[in-house]
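Quick note: the coordinates plus some simple rules give every number you see, no bench work behind them. None of these values were measured; they are calculated from a predicted model. Glycine also receives a Cβ, built like all others from the backbone with ideal geometry; neighbour counts cover every protein chain displayed.
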Amino acid sequence: MAGAELIGAEEKREVMDILETGIFMRYGFDEERKGIFKVKEFEEAFAKYLNCGYALGVTSGSAALKVAMTALDVGPGDEVIAPAFDFIATYEAILEVGAIPVMADIDDSLNLDPDKLEDKITSCTKAIIPVHMCGAPARIDKVIEVAKKHNLLVLEDNAQASGGSYKGRKLGTIGDMGILSFDYYKTITTGEGGMVITNDKKLYDRSDWYHDHGHDHNPNVERALEGRTILGFNFRMNEFQGAVGLAQLRKLDYIISEQRKNKAVIKDALGKINGVGFRKLFDPDGDTATFLGFNLPDETITRQFQKALQREGVNTILYKENAWHYAPRWEHLIARSTANSKKYPFTNPMYKGKVDYDVESIPYAENIIGRTLFMIIPVKMPEAKMESIINGIEKASKIL
Ligand SMILES: *Cc1c(COP(=O)(O)O)cnc(C)c1O
């Protein structure tokens, strides 16, 4: 639960500023707002934290994906490659822009496997979305190498690893664009919220225009007189989200460092058990430690161990069972049941490809997702709680 665990006086103080002026919208009301621009301040602070050129606050991580793909001109006729182990929002966002999601295999990091990407590239492929799942980085450098070779765009879905990095660079800033999510489960939260990040001014501008009905946000004229070049929509972040986000961002490094300490202790206990392996971290220094992933030799023993842990009060997630994070489990995707009766975009004549979601094409995901358990690592871990987890692990391990 990360950031949600730490909501307190700092968030309250930031929100009070907004309640004092009564200006809840990020744009306009220049006199009444008395110089308070929480969303803008949040964006600038985040861009600085990530060491990237531009950050744009939006209503959610899902919206951020849609805005970013729109800016990248991903659309009807295009295919976009995403990992089989992913939250469903990535696939939904691809469909939202009229493109077709293509499911790809994962590696030992449980993130997109760059070595198998080329099998999935077709003449329709426009972009690749590596997702930094469960707090830890994908091999983004290798993904970019493959993308460059085939002239494809890279959008990093970093909804689950805010503050993480790969070889010293912050996640989300390495591809052409990146996104973050601040929904209530994520590393830091604004209730609901997201961010689009890029180093490219043109891509930022297109995102900025699209997310606010095409407004060009010309600082020299009032809002009603602003120019426009493209039609857009409304994905504006509001000042409450910006205010809470500012307070949460200041806690991000603390959150990560506490989680890392807690994770290390639990990992140590699990490491003593015969037959337990761990999710591979290609850059352990870049792990945000929101999750600990560990695996057992087969699915049967994994389920048994999960039950044994549960009996000891230790909760884990088996994502092959969890219906929202493993693409072959999405019967509505497989049935092409989009929210319109015409099954658009699957039926779009502009789409010349042929996509399938057969598990045969993702053998490693099928192998590893059913025998990996994830533990959520809290920020706050009182000693008694830690002790009961360690004891629980030891007791449960007797069944192995
Ligand atoms: C949470 C999440 C999203 C969507 O973010 P929301 O803010 O919940 O819309 C997208 N991708 C991944 C991988 C996520 O975990």
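Residues considered: ALA45, ALA138, ALA93. Largest GNM mean-square fluctuation over the chain, using C-alpha springs under 10 Å, is found at ALA45. Just checking the listed ones, LEU296, LEU19, LEU281: in the Gaussian network model of the chain with Cα springs under 10 Å, the one fluctuating most is LEU19. With the simple model of a label 7 Å out from the Cα in the direction of the Cβ, PHE278 to GLU312 spans 1.8 nm.
When you work out D = kT/(6 pi eta Rh) for the range 2-251 at 4 °C and 1.567 mPa s, using the Kirkwood radius from C-alpha pairs as Rh and the Stokes-Einstein form, the result is 71 µm²/s. Here the dipole of the chain is about 600 debye; that uses its Cα centre as origin and unit charges on the Cβ of Lys and Arg (positive) and Asp and Glu (negative).
Excluding same-chain neighbours fewer than eight residues apart, the lysines reachable from LYS307 by a Cα-Cα span under 18 Å are LYS320, LYS395, LYS398.
Multiplying the residue separation of VAL265 and ILE7 by 0.36 nm and removing their Cα-Cα distance gives an extension gain of 90.4 nm. Listed cross-link partners LYS116/LYS167; LYS48/LYS126; LYS120/LYS280 are compared with a 27 Å cut-off, the Cα-Cα value being larger for LYS48/LYS126. Between ALA335, ALA64, ALA84, the GNM of the chain built on Cα springs shorter than 10 angstrom shows ALA335 fluctuating the most. Scanning residues 5 or more positions from VAL154 or on other chains, those with amide H under 5 Å from its amide H are ILE128, ASP176, MET177, with H placed 1.01 Å from N in the peptide plane.
Placing unit charges on the Cβ atoms only, positive for Lys and Arg and negative for Asp and Glu, gives the range 41-113 a dipole magnitude near 260 debye about its Cα centre.
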